[in-house]
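Novice: Okay, here's the structure, questions in a sec.
The values are calculated or read from the model by the stated rules, or taken from the named source; none is laboratory data. Predicted model, so just to flag it, every value in this text is computed and none were measured. Note that each Cβ is placed from the backbone with ideal geometry, even for glycine, and that neighbours are counted across all protein chains shown.
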Amino acid sequence: MSSHFKQVSMIVFLVGLSLSADAAERASGGSPWVSLFFTFGPLMLMLVCMPLVLRIAMQRTRNLAQRTAEANERIAKSLEELVELMRKNGKADH
């Protein structure tokens, strides 16, 4: 796991924890179940949503890498064809 991912995960966790604590304080007049829901609800939501968001981001990154590789292959093929044409015309002897 990269250090950047760990830092982002920790920031998201701490923000979620502080929001949960704040919500629990506001709901403290209610039942213990309501307080428990407001304490752990946002954290559970983040734990469910974060993998989904990461999966989408990784899929987009894979797609971008694949398109980049295909573009690089087309560029390499075009350069090879250009070198062949230059050799045929005798301009690549210099």
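Novice: Output the residues belonging to the range 47-94 that are among the charged types (D, E, K, R), within 30 Å of residue 9 (Cα to Cα) and at pLDDT 90 or above. Walk me through it before giving the result.
Specialist: Of all residues in the range 47-94, those among the charged types (D, E, K, R) come to 55, 60, 62, 67, 70, 73-74, 77, 80-81, 84, 87-88, 91, 93.
From what is left, the residues that are within 30 Å of residue 9 (Cα to Cα) are 55, 60, 62, 67.
Residues satisfying the conditions are 60, 62, 67.
Novice: Right, here's the next one. Counting just the residues of the range 54-94 that are in a helix (DSSP H, G or I), more than 33 Å from the chain's Cα centre (by Cα) and not aliphatic (A, V, I, L, M), which one comes out surrounded by the fewest Cβ atoms within 10 Å (Cβ to Cβ)? Steps first, please.
Specialist: Step one: list which residues in the range 54-94 are in a helix (DSSP H, G or I), which gives 54-88, 91-93.
Remaining after also requiring more than 33 Å from the chain's Cα centre (by Cα): 79-88, 91-93.
Keeping just the survivors that are not aliphatic (A, V, I, L, M) gives 80-81, 84, 87-88, 91, 93.
Working: 80: 10, 81: 10, 84: 11, 87: 11, 88: 9, 91: 9, 93: 7.
Applying the filter and picking the extreme gives 93.
Novice: Anything in the range 27-46 that is among the polar types (S, T, N, Q) and at pLDDT below 70? List them, or say none. Break it down stepwise before answering.
Specialist: Taking the range 27-46 and keeping what is among the polar types (S, T, N, Q), we get 28, 31, 35, 39.
Once the filter is applied, which keeps residues that are among the polar types (S, T, N, Q) and at pLDDT below 70, the range 27-46 yields 28, 31, 35.
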